[in-house]
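Asker: This is the structure I have questions about; it appears just below.
The values are calculated or read from the model by the stated rules, or taken from the named source; none is laboratory data. This one's a predicted model, so the numbers in the text were calculated from it and none came from an experiment. Here the Cβ is made from the backbone with ideal geometry for all residues, glycine too, and neighbour counts use every protein chain on show.
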Amino acid sequence: MLERKRVLKQVRAEENDGRRTLIYEHSKNGDVFIVEDPKLRLDDLERVQAEVMQLLQQSSAS
């Protein structure tokens, strides 16, 4: 979602030992995030998005 909104941009992808690692940069402050590719399928996407939204709502309520 942050990639679509151009908050994060993918600057590089690396493959080591069969694992794909994605490197993102925050477009405004330059922070770098290293994320292992979870290899999600399209049919998993809706469930994962719902889980993320629930987690975000819980953390903002705290």
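Asker: Considering only region 40-62, how many residues are part of a loop (DSSP other than H, G, I, E, B) and either touching a residue at least 40 places away in the same chain (Cβ under 8 Å) or surrounded by 10 or more Cβ atoms within 10 Å (Cβ to Cβ) (or both)? First the steps, then the outcome.
Answerer: Within region 40-62, the subset part of a loop (DSSP other than H, G, I, E, B) is 40-41, 62.
Retained after the next criterion (residues that are either touching a residue at least 40 places away in the same chain (Cβ under 8 Å) or surrounded by 10 or more Cβ atoms within 10 Å (Cβ to Cβ) (or both)): 40.
Within region 40-62, residues that are part of a loop (DSSP other than H, G, I, E, B) and either touching a residue at least 40 places away in the same chain (Cβ under 8 Å) or surrounded by 10 or more Cβ atoms within 10 Å (Cβ to Cβ) (or both) number 1.
Asker: Filter region 30-62 for residues that are in contact with a strand residue (DSSP E or B) (Cβ under 7 Å, 6 or more places away or on another chain) and over 23 Å from Gln10 (Cα atoms) and give the result.
Answerer: Matches in region 30-62: none.
Asker: Do the conditions hold for Arg6, that is, is it modelled with pLDDT of 90 or more and surrounded by fewer than 10 Cβ atoms within 10 Å (Cβ to Cβ)?
Answerer: Working: modelled with pLDDT of 90 or more: no; surrounded by fewer than 10 Cβ atoms within 10 Å (Cβ to Cβ): yes.
Spelling it out, it is not the case that Arg6 is modelled with pLDDT of 90 or more and surrounded by fewer than 10 Cβ atoms within 10 Å (Cβ to Cβ).
Asker: How many residues does region 9-34 contain that are surrounded by 10 or more Cβ atoms within 10 Å (Cβ to Cβ) and polar (S, T, N, Q)? Before you say what the answer is, go through the steps one by one.
Answerer: Initial filter on region 9-34 (surrounded by 10 or more Cβ atoms within 10 Å (Cβ to Cβ)): 9-14, 19-27, 31-34.
Okay, now just the ones that are also polar (S, T, N, Q), so 10, 21, 27.
Residues meeting the conditions: 3.
Asker: Could we say that Asp37 is of a type in the set (Asp, Glu), surrounded by 10 or more Cβ atoms within 10 Å (Cβ to Cβ) and at pLDDT below 95 here? Can you show your working first?
Answerer: Numbers: of a type in the set (Asp, Glu): yes; surrounded by 10 or more Cβ atoms within 10 Å (Cβ to Cβ): yes; at pLDDT below 95: yes.
Taking the combined requirement at face value, the residue satisfies it.
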